[in-house]
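**Student:** Quick one: structure below, then a few questions.
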Amino acid sequence: MDKLSREEVLHVAHLARLSLTDEEIEKFRVQLKVLMNDIDKIKEVKDYDDEEMYTPVDTNARLREDVVGEMLNAKDAIANAPCKNGNFIEVPVMINE
Amino acid sequence: MTNYVPTIGIEVHVEVKSKSKLFSNSANTYGMATNTDVNVIDLGYPGTLPTINKEIIKQGIRAAHILNCNITHKMHFDRKNYFYPDNPKNYQITQNRTPIGTNGYVEIEVDGIKKKIEIEEIHIEEDTCKSAHRGNVSLLDFNRAGVPLIEIVTKPCINNSKEATSYLTKLKELLFYANISDCKMEEGSMRCDANVSISKDNTLGVKTEIKNISSIHNVGLAILEEINRQKEILESGNTIKEETRRFDDKQNKTILMRVKETGNDYRYFIEPDIPYLELTDEFITDALKTLPLLPDELREKYKKIGLTPLQIEKIIANRALNSYFLGLLEYKTNYTIAINLLLSDIASYLNKHNKLITDTNLTYDKLVTVINSLESGELSNKNIKEIIPSLMETDKTLEQLKDEFNIKNITDNSFIKDIITKVIENNPDSVNDYKNGHDRAIKYLMGQVMKETKGSVNPKIANDLLIDTLNK
Amino acid sequence: MSKYLDLSIKEIHELLVKEEITPLDLVDEALNRIEDTKDLNAFITINDKVREEAKNLGKVDKDNLFFGIPIAIKDNIITKNMRTTCASHILDNFIPIYDATVIKKIKEAKMLIIGKANMDEFAMGSTSETSYFGSPLNPHDKKRTAGGSSGGSAAIVSANIVPFALGSDTGGSIRQPASYTGIVGMKPTYGRISRYGLVAFASSLDQIGPMSRTVYENAALLNILVGEDDYDLTSANRVKEDFTRLIGEDIKNMKIALPKFFISDIVDKEISNKIKEVISYLKEKGAIVDIIDMKYLDTAVTLYQIIAMAEASSNLARFDGIRYGFREDNTKTVDEMYTKTRGEGFGDEVKRRIMVGSYILSGKNAKIYYDKALKVRDDITKEFARIFKDYDLIIGPTTTRVAPLLGTSKDDPHKAFMDDVLVIPVNMAGLPGLNVPIGKNSENMPIGLHIIGKAFDEALIYKLASFIEEGF
């Protein structure tokens, strides 16, 4: 069957920051290939208008006046964080600084 | 050693001044309590969307203009996707394909030779949050998340560390003067990265990136050290690796942070939450209207009114005082006396009290009467020192202050003559010295005159009268 | 037991005005119905404060048709202090601290939020089977899907638990489940309703819309949902209008197009036949119906896959277990925190789509796939515009088949998209589209008609839909 290599799955899993079990990797080797075949059909579309492209929304963006609005207190700001430390949110140490 | 030509490109990030943040309306300020200068947008909450701060677009236009860039009239924003805990949405909204300014330059002068440092592009983007590291955890404070930044990227056209520091000094001065950024490297409102490579021929060598150098001076040192390091590697027959380094100023060398992954995969795409932005000529003109005179324009102007190069640099170095001085130029008065007064007694008063001149009661009208009195000799520099606090802090006129401080009409020549006669009588030795051609004696005698009058006479008038009397 | 909720909202409103019933009666009846239909698994969260809210609603406003009317909200729309899960493990304990703009409008209209409706995880799927909370069932046949991704919302309205639900439609997610469950579902023009507070799946396609039992009630609800929002730059600035205003008008000389693709052999015979009956009926009533050729319709699914997966990979990056949501315990490094949290927190459909989406945007692929898809998408928009020069509306079947049995498309990543082949083109062009029931097939399952209008021409869609609802 048409499928991706293990490495190809692990590469896109890394881009999306997903840990996968061996079982998942095997499953996705096939399933991701199906989707990649689907999207490859775009390459066959020939008869299209290749003009300069901006954004999907075809209007001019409104600009906001420079005025300060309401802000959260620290308690609310971190209320949903699963790991807090005082008024900070805690994560494992960031290397690569 | 073979001659290597260094090629250097510099990326600068500055935090842009405004009241609110770039894509949300929380405050764009520094130093608030942990996680209180935030809203749901800054925290990247699900369902939230960005809005654009008009003032930041204007600041971008101003920056593009003063850096001689072409201003992009139709632009959009892009997402730069990368996972990092200081990046709340795990993508940063930036401008990748349509930066607000392109193809600009900053003119510098090194050892008398002028050179244009070419700017590839400048773009607007949002800042990340702040992180602090404690053992095996890091702590996140999102106050900085969403603060507006402008990134300025030069072409790889810088050839040595002197050009680099000269460029950065000039850039900082421009952005500071245009009121675009505070440019405080110590507070992180200006950050510099340098890309350095060396080569013996026209091909570009492998470059290394030195990240987040802490001062302009250190950028110069870091580049020198990095060039030396690369030379040694090449001379010993090894090759340079593409890597990110940092500069340690205590050891005076660059230190490896990480080897670059092959091609950063930022998965840029057009930010779909923000429609395109088309700037009208009217909007651009409006943004540029508030631009103050910039340092080079000021230098030209000040030269014409007769300030010395030292005075010019000193007043330009103090933006608030400069802006006050510019206002004074609307009045006809002696600008040399004015600049001396501003840069000495007034500047030290302001420094001592940590005030801006606009916070004081020194109106232009009052200052002009002071300058005129100094010019005519009715007021001495010593008088100034006495009355400065009252001059700055009260509404009293100069006349009122003269009365209050008992400042006599010291231009009264007969009063001065009396004192001179007395001094000459009491110092016959010095008078003899003078008559024997020892010019230095005059200084001593003047000193005595000033002592007798407690410094309240106009020294120029007194000096002239003293010489007159001695020569009789 | 009372059956007030079986009445039209006009009738309910009259009873409320005459004080024969109270909002609490309606809420209690709805809560009983929820209890009785528990097996439908249509809700993720019931609002445990809704009785309190009903009691405190104040005096009935006789000019407000929606006063005290209960509504269900798809669980990807943010509700302050009420759990919002997006049917995902990664948000299963997430209590938002703000309200979506539509929720503010619902609350201003004094409607009562009865609970949060089940859906496909992050709206990714076409049968609601990707929900972390298990799939909702079709009230017409519990062995069948209620469709997706707004399957819970559709089941709730179809079973008449409450008269209204909000859904969201990225690639058919309102219209397809409406068709499968025999209700009215409108995806308004992109920009009609603020997306602020709708958890983004594909930002350039997502749109919130009303789901209801009748066309009139749908149009009436749309009246209160629309409007430009300062918090959503993609929301449109339009003059206020009454979407019910054309309902009841004659359709004589109305020009209607039916693209050949919509009745090609991909469509089930019974459904095609039903559409042909509708055509005959409309012609009989004086409308002009032409079968036409239309380009690009067959490429829409491919474009949708590319655009939706790419945008989703970026939109879902923020779910990292830092600021909100689930975080895997005892992770030692940043990378481990990300990968384990997301590996554990997301289901298969989401994982597949964000992996392929990341691939689409990676390096040179962004140009090959995403940029090209946007350009072809622009051509679809132009193709629709071409048709709308000659026609008022476009019609076709909403789905190629009636609601399939549960379990038939699970683990088939391709099928999930093909269920929406007829409705996806509308999202590509940002146009309004509506499903109105037109009868049942031989298995007694609902069949729906899809009506597509010009941008911002929802009122005309409602006119035709109501005409068919009344007469066909």
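Where a number appears in this text, it was derived from the coordinates with a stated rule and is not lab data. Keep in mind that this is a model prediction, so the values were computed, not measured. Note that we place each Cβ from the backbone using ideal geometry, even for glycine, and neighbour counts take in every protein chain shown.
**Student:** With the crude spin-label approximation of a point 7 Å out along Cα→Cβ, what separation in nm comes out for B:Glu107 versus B:Leu204?
**Tutor:** For B:Glu107 paired with B:Leu204, the spin-label model returns 2.7 nm.
**Student:** Given charges of +1 on the Cβ of Lys and Arg and -1 on the Cβ of Asp and Glu, with all other atoms neutral, how large is the dipole of the protein assembly as shown about its Cα centre, in debye to the nearest 20? Spell out each step's value before the answer.
**Tutor:** On the way: 135 positive and 156 negative charges, 228 e Å.
Roughly 1100 debye, rounded to the nearest 20.
**Student:** Given the alpha-carbon gyration tensor of chain A, what are the semi-axes of its equivalent ellipsoid in whole angstrom, ordered largest first, with each equal to the square root of 5 times an eigenvalue?
**Tutor:** 39, 31, 11
**Student:** To continue, here is another question. Specify which residue in the list A:Met71, C:Val50, C:Tyr190 is farthest towards the positive end of the charge dipole of the protein assembly as shown, using unit charges on the beta carbon of Lys, Arg (+1) and Asp, Glu (-1), about the Cα centre.
**Tutor:** A:Met71
**Student:** Averaging over every viewing direction, what projected area does the convex hull of the Cα atoms of the range B:94-170 cover, in nm²?
**Tutor:** Result: 7.5 nm².
**Student:** Note down the net charge around B:Ile339, summing +1 for each Lys or Arg and -1 for each Asp or Glu among other residues with Cβ under 14 Å from its Cβ. Before the final figure, lay out each step's value.
**Tutor:** Values: positive: B:Arg299, B:Lys301, B:Lys303, B:Lys304, B:Lys314; negative: B:Glu313, B:Asp345, B:Glu375.
Taking every other residue near B:Ile339 into account, the sum is +2.
**Student:** Calculate the dipole size of the range C:229-380 relative to its Cα centre from +1 charges on Lys and Arg beta carbons and -1 charges on Asp and Glu beta carbons; express the result in debye to the nearest 20.
**Tutor:** I would put it at about 320 debye.
**Student:** Take every Cα-Cα distance within the range C:169-325, group them into 5 Å bins from 0 onward, and report for each bin the whole-number percent of pairs it holds.
**Tutor:** 1, 8, 11, 15, 19, 18, 14, 8, 4, 2, 1, 0, 0
**Student:** Residues in the range C:193-232, backbone N under 17 Å from the label point at A:Glu65 (7 Å along the Cα-to-beta-carbon vector): list them, ranges by number please.
**Tutor:** The answer is C:229-231, whose backbone nitrogens lie closer than 17 Å to the label point.
**Student:** A follow-up question, please. What are the extents of the Cα atoms of the range B:5-278 along their three principal axes, in Å, largest first?
**Tutor:** 56, 46, 33
**Student:** If the viscosity is 0.692 mPa s and the temperature 37 °C, what translational diffusion coefficient in µm²/s does Stokes-Einstein give for the range B:297-453 when Rh comes from Kirkwood over Cα pairs?
**Tutor:** Diffusion coefficient, whole number: 184 µm²/s.
**Student:** Tell me the net charge near C:Gly396. Cut-off is 12 Å between Cβ atoms, C:Gly396 excluded, with +1 for each Lys or Arg and -1 for each Asp or Glu.
**Tutor:** Around C:Gly396, the charge tally is +4.
**Student:** What's the angle, to the nearest 10 degrees (0 to 90), between helix B:440-452's Cα axis and the longest principal axis of chain B?
**Tutor:** Orientation of helix B:440-452: about 80 degrees from the principal axis.
**Student:** Mean residue ellipticity at 222 nm from the helices of the protein assembly as shown, using -39,500 (n - 2.57) per DSSP H segment of n ≥ 4 over the full residue count, to the nearest 500 deg cm²/dmol?
**Tutor:** -11000 deg cm²/dmol
**Student:** What does the average come to when, for each residue of peptide B:133-139, you count the partner chain Cβ atoms lying within 10 Å of its Cβ?
**Tutor:** Details: counts 4, 4, 1, 4, 8, 11, 10.
Counting other chains' Cβ atoms within 10 Å and averaging over B:133-139 gives 6.
**Student:** Could you work out the Kirkwood radius for chain C, taking every pair of different alpha carbons, averaging 1/r and inverting it, reported in Å?
**Tutor:** Taking the inverse mean of 1/r over all distinct Cα pairs, chain C comes out at 22.2 Å.
**Student:** Among C:Ser2, C:Met119, B:Ile180, flag the residue with its Cα farthest along the positive direction of the charge dipole of the protein assembly as shown, charges on Cβ as +1 for Lys/Arg and -1 for Asp/Glu.
**Tutor:** Going by the Cα projections, it comes out as B:Ile180.
**Student:** Over the Cα atoms of the protein assembly as shown, what radius of gyration and what Dmax do you get, in Å?
**Tutor:** 37.1, 135
**Student:** Taking every residue in C:50-63, how many Cβ atoms of other protein chains lie within 10 Å of its Cβ, on average? Provide the component values of the computation, followed by the final result.
**Tutor:** Working: counts 0, 0, 0, 0, 0, 0, 0, 0, 0, 0, 0, 0, 0, 0.
Partner Cβ neighbours, averaged per residue: 0.
**Student:** Right, here's the next one. If you place +1 on the Cβ of every Lys and Arg, -1 on the Cβ of every Asp and Glu, and leave all else neutral, what size is the dipole of the range B:293-404 about its Cα centre, to the nearest 20 Debye?
**Tutor:** Magnitude of the dipole: close to 380 debye.
**Student:** I'd like the FRET efficiency for C:Asn81 and B:Thr397, computed as 1/(1 + (r/R0)^6) with the beta carbon distance as r and R0 of 56 Å, rounded to 0.05. Mind dumping the intermediate values first?
**Tutor:** Values: r = 64 Å, r/R0 = 1.14.
That gives a FRET efficiency of 0.30.
**Student:** Sticking with this structure for a sec: Which residues among the range C:375-411 fall inside the zone where the amide N is under 16 Å from a point 7 Å beyond the Cα of C:Ile291, along Cα→Cβ?
**Tutor:** Under cut-off, by backbone N: C:395-397.
**Student:** Going 7 Å from the Cα of C:Asn32 toward and past its Cβ, which residues in the range C:49-92 have a backbone nitrogen under 17 Å from where you end up?
**Tutor:** Residues C:51, C:70 qualify, since their backbone N sits under 17 Å from the label point.
**Student:** Between the range C:163-193 and the range B:356-387, what's the alpha-carbon centroid distance in Å?
**Tutor:** What the calculation gives is 76 Å, centre to centre.
**Student:** Can you pull the mean other chain C-beta count within 10 Å for peptide C:320-332?
**Tutor:** Per residue, the average neighbour count from other chains is 6.
**Student:** What residue among C:Met254, C:Ala416, A:Pro92 has its Cα farthest toward the positive end of the dipole of the protein assembly as shown, where the charges are +1 on Lys, Arg and -1 on Asp, Glu, each on the Cβ?
**Tutor:** In the protein assembly as shown, that residue is A:Pro92.
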